[in-house]
Every structure is written in structure tokens, then in C-alpha cells.
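The next block holds one structure in the form of C-alpha cells; read it before the comments.
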Amino acid sequence: MELYEKETVTCEEMKKLERAADAAGLSYSRMMENAGTRAAEIIRENIPKSIEKPRAAVFCGKGNNGGDGFVVARRLSEAGWSVVAVLVEGEPATEDAKKNYLLIRDRIEVMNRRAAAATGGYDVVVDAIYGTGFHGNLKDEGLNAVELINKFGYQKADVFSLDIPSGLPGDYDDWKEPEKSVMADYTITFHAKKPVHDHRRLSNFLGDVIVADIGIAEALRK
Ligand SMILES: NC(=O)C1=CN([C@@H]2O[C@H](COP(=O)(O)OP(=O)(O)OC[C@H]3O[C@@H](n4cnc5c(N)ncnc54)[C@H](OP(=O)(O)O)[C@@H]3O)[C@@H](O)[C@H]2O)[C@@H](O)CC1
Ligand SMILES: [K+]
């Protein structure tokens with residue numbers, strides 16, 4: 001079986017697949033666009049139809065997981081939603097995330113985590129803080145943002161984590177519950193599941209796991 005056909009891949013294998021897809025003509029930037037666009041579609045398909053103009057807060061980290069978040073924010077805003085983007089650790093640091101940040105910066109409200117703590121009433125919260133690049137433990141800013149997301153989730157928001165609930169390592173192979181993580185209602189992961197998604201004991205944190213196609217298999221089949 002080829003690597004791109006596997007149902008679950010490690011974070012390292014995922015990076016390898018992204019490199020191979022990029023070499024086959026599916027650029028990193030296109031993968032991010034596909035990931036965020038598909039995630040926004042899945043979010044729209046899964047919220048109650050009765051909400052007329054949904055309000056969403058998208059929490060973005062500094063890496064490419066945050067970049068996916070900026071694409072989601074743009075897509076939901078284009079669909080007529082009221083959207084705010086929350087910069088958890090300041091402005092984005094990767095090239096593709098920066099590009100997508102510039103596309104939303106003047107179009108939707110952008111705030112830091114402290115300002116976000118004074119807001120509320122969201123129908124949807126998107127967790128785009130950390131994905132496959134997470135390592136170690138949550139530090140202050142991340143921890144505070146995770147707690148805020150969970151608070152909005154306890155209120156009324158449906159929480160969608162992009163790729164991995166922030167706070168959990170993608171290759172998680174421990175049988176202990178983590179100390180702190182986003183508790184998602186839905187986890188939208190890209191291309192294939194990562195080992196953490198197969199952990200039944202973590203279903204409280206993962207919610208429903210949905211695998212979104214971002215074009216990698218098609219690029220590598222050619
Ligand atoms: N590659 C691609 O083209 C595609 C990737 N895609 C998406 O990108 C995601 C992977 O992106 P990524 O590799 O940029 O890592 P990401 O998860 O955003 O985090 C990195 C940032 O977090 C930081 N950090 C880490 N641990 C930390 C801690 N404990 N506490 C605090 N900070 C911590 C870390 O800092 P550092 O490592 O320098 O310490 C860095 O700044 C992937 O899950 C998918 O969603 C899709 O768009 C499809 C195409
Ligand atoms: K995430």
C-alpha cells in the first residue's frame with residue numbers, strides 16, 4: 001500500500017506526503033486553501049440550519065494551522081457570517097499563513113486573546129491554534145486560549161478543531177487523558193487521520209472526527 005492510501009499517518013509521514021504532493025504540483029499554498037475551504041464547508045454543513053446569521057470566532061496560532069484558520073475565517077465571512085479572528089500568539093510566522101492573514105486583516109475584525117475574553121455569544125468557535133507542529137506542553141498564551149475556547153463551548157458554541165484539538169500531540173500514544181486540551185465537538189483533519197484520532201479514550205476531546213480531502217491523494221495518484 002502506498003503511503004498516501006493509508007487511513008492513519010504519523011505527523012512525520014504527513015509532512016512527507018505534503019512534500020511529495022508539492023513536488024507533484026499541488027503547492028503548499030493550494031493545500032492550505034483546500035484545507036480551509038473544505039473545513040468551512042464542513043462547518044456550514046454541521047451547524048443547525050435555524051441560525052440565520054451565525055457568529056464565529058476563529059482562534060489562530062502562528063503556524064500553518066493558524067493559516068488554515070485564516071482561510072476558514074475568509075470563507076465563512078464570504079458566506080455572510082459574522083466572523084472575528086483571534087490572534088493567540090501575535091501575527092503569523094509562516095509565509096502561507098501571513099499571505100492568508102493579509103487577505104482577511106482589513107475585511108474582518110481581528111483581536112487578541114485578551115480582547116476576545118471580553119466577547120461572547122458565538123455559535124461556532126474554530127480552533128486553529130496548533131496542528132501537527134505542536135510539541136511539549138501548552139504554555140501561558142496557548143493555555144489561556146484553550147480555556148477560553150472551552151468556555152465558549154460550554155456556553156453555546158459548537159467547537160470545530162482544525163486537524164487536531166490544540167493541546168493534544170498528533171502522534172499521542174499515551175493512555176492517560178491530557179491535562180488540558182480543546183474539547184472539540186468536531187475535529188476536521190486533513191487528508192488522513194493522525195494516531196491521536198484513533199484513541200477511543202480521547203473522544204471527549206476529539207468529538208466527531210471528519211477527514212477532509214485536500215487533494216493530496218489525487219496529486220500523488222497521477
Ligand atoms: N504543511 C502544509 O503545507 C500544510 C499544513 N497544513 C496545516 O498546517 C499544520 C501544521 O503547520 P505547522 O507545521 O506550521 O505547525 P502548527 O501546528 O501550526 O504549529 C506550529 C507553531 O506552534 C508553535 N508551538 C508548537 N508547540 C508549542 C507549544 N507547546 N507551545 C507554544 N507554541 C508551540 C511552534 O513554535 P516552535 O515549534 O517554533 O516552538 C509554531 O510557531 C497542520 O496541522 C495543518 O493544519 C494544511 O494547511 C495543509 C498544508
Ligand atoms: K487545532
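The values are calculated or read from the model by the stated rules, or taken from the named source; none is laboratory data. Please read all numbers here as calculations on a predicted model, not as lab measurements. So basically every Cβ, Gly included, is an ideal-geometry build from the backbone, and we count neighbours across all protein chains shown.
Can we say Asp163 is within 15 Å of ligand 2 (Cβ to nearest atom), of a type outside the set (A, V, I, L, M, F, W, C) and either within 25 Å of Thr37 (Cβ to Cβ) or surrounded by fewer than 16 Cβ atoms within 10 Å (Cβ to Cβ) (or both)? Spell out the reasoning first.
On the way: within 15 Å of ligand 2 (Cβ to nearest atom): yes; of a type outside the set (A, V, I, L, M, F, W, C): yes; either within 25 Å of Thr37 (Cβ to Cβ) or surrounded by fewer than 16 Cβ atoms within 10 Å (Cβ to Cβ) (or both): yes.
For Asp163, the condition - within 15 Å of ligand 2 (Cβ to nearest atom), of a type outside the set (A, V, I, L, M, F, W, C) and either within 25 Å of Thr37 (Cβ to Cβ) or surrounded by fewer than 16 Cβ atoms within 10 Å (Cβ to Cβ) (or both) - is met.
Determine which single condition Leu87 fails, assuming it passes every other condition in (1) more than 14 Å from ligand 1 (Cβ to nearest atom); (2) surrounded by 15 or more Cβ atoms within 10 Å (Cβ to Cβ).
(1)
Go through the range 109-151 residue by residue and tally those that are part of a helix (DSSP H, G or I) and touching a Gly at 6+ places or on another chain (Cβ under 6 Å). If you could, list the steps in order and put the result at the bottom.
To start, the set of residues in the range 109-151 that are part of a helix (DSSP H, G or I) comprises 113-117, 140-151.
Those still in the list that are touching a Gly at 6+ places or on another chain (Cβ under 6 Å) too: 146.
The number of residues fulfilling the criteria is 1.
Looking at (1) crowded, with 23+ Cβ neighbours inside 10 Å; (2) within 12 Å of ligand 1 (Cβ to nearest atom), find the lone condition where Arg19 falls short.
(1)
What pairs come up if the first residue lies in the range 55-74 and is in a strand (DSSP E or B), the second is more than 10 Å from ligand 1 (Cβ to nearest atom) and among the basic types (Lys, Arg), and their beta carbons are under 8 Å apart, counting only those six or more places apart or on different chains?
Listed by first residue and then by second, the contacts come to Phe59/Arg113.
Pairs please, first residue from the range 145-166 and closer than 20 Å to Arg44 by Cα, second anywhere and among the small types (Gly, Ala, Ser) and more than 16 Å from ligand 1 (Cβ to nearest atom), Cβ atoms under 6 Å, 6+ apart in sequence or on different chains.
Listed pairs, sorted by first residue: Val159/Gly153.
Residues Phe190, Phe205: which one is farther than 18 Å from Gly66 by Cα and either of a type in the set (D, E, K, R) or touching a residue at least 24 places away in the same chain (Cβ under 8 Å) (or both)? Let's see the steps before the verdict.
Working: Phe190 fails: farther than 18 Å from Gly66 by Cα.
After applying the criteria, what remains is Phe205.
Within the range 35-81, track down each residue that is among the polar types (S, T, N, Q) and surrounded by fewer than 16 Cβ atoms within 10 Å (Cβ to Cβ). If you could, list the steps in order and put the result at the bottom.
Start the filter on the range 35-81 by keeping residues that are among the polar types (S, T, N, Q), which leaves 37, 46, 50, 64-65, 77.
Scanning the range 35-81 gives Asn46, Ser50.
Tell me the residue from Ala116, Ala39 that is touching a helix residue (DSSP H, G or I) at 6+ places or on another chain (Cβ under 7 Å), touching a residue at least 40 places away in the same chain (Cβ under 8 Å) and more than 13 Å from ligand 1 (Cβ to nearest atom), please. Break it down stepwise before answering.
Working: Ala39 fails: more than 13 Å from ligand 1 (Cβ to nearest atom).
Criteria check complete, one pass: Ala116.
Does the range 40-54 contain at least one residue that is assigned to a helix (DSSP H, G or I), among the β-branched types (Val, Ile, Thr) and under 16 Å from the mean Cα position of the chain (by Cα)? Step through it out loud before you land on a result.
Going through the range 40-54, the residues assigned to a helix (DSSP H, G or I) turn out to be 40-46.
From what's left, among the β-branched types (Val, Ile, Thr): 42-43.
Filter once more, keeping what is under 16 Å from the mean Cα position of the chain (by Cα): 42-43.
Yes, some residue in the range 40-54 is assigned to a helix (DSSP H, G or I), among the β-branched types (Val, Ile, Thr) and under 16 Å from the mean Cα position of the chain (by Cα).
Residues are listed down the side, and each one gets a yes or a no for (1) within 14 Å of ligand 2 (Cβ to nearest atom); (2) in contact (Cβ under 8 Å) with a residue 40 or more places away in the chain:
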{"site": "Asp174", "(1), (2)": "no, no"}
{"site": "His197", "(1), (2)": "yes, yes"}
{"site": "Ala212", "(1), (2)": "yes, yes"}
{"site": "Leu220", "(1), (2)": "no, yes"}
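Could you give me the residue pairs with C-beta distances under 9 Å whose first residue belongs to the range 92-105 and is over 13 Å from Ser29 (Cβ atoms) and at pLDDT 95 or above, whose second residue is near ligand 1 (Cβ under 9 Å from one of its atoms) and aliphatic (A, V, I, L, M) wherever it lies, and which are 6+ apart or on separate chains?
Filtered contacts from the range 92-105: Ile104/Val71.
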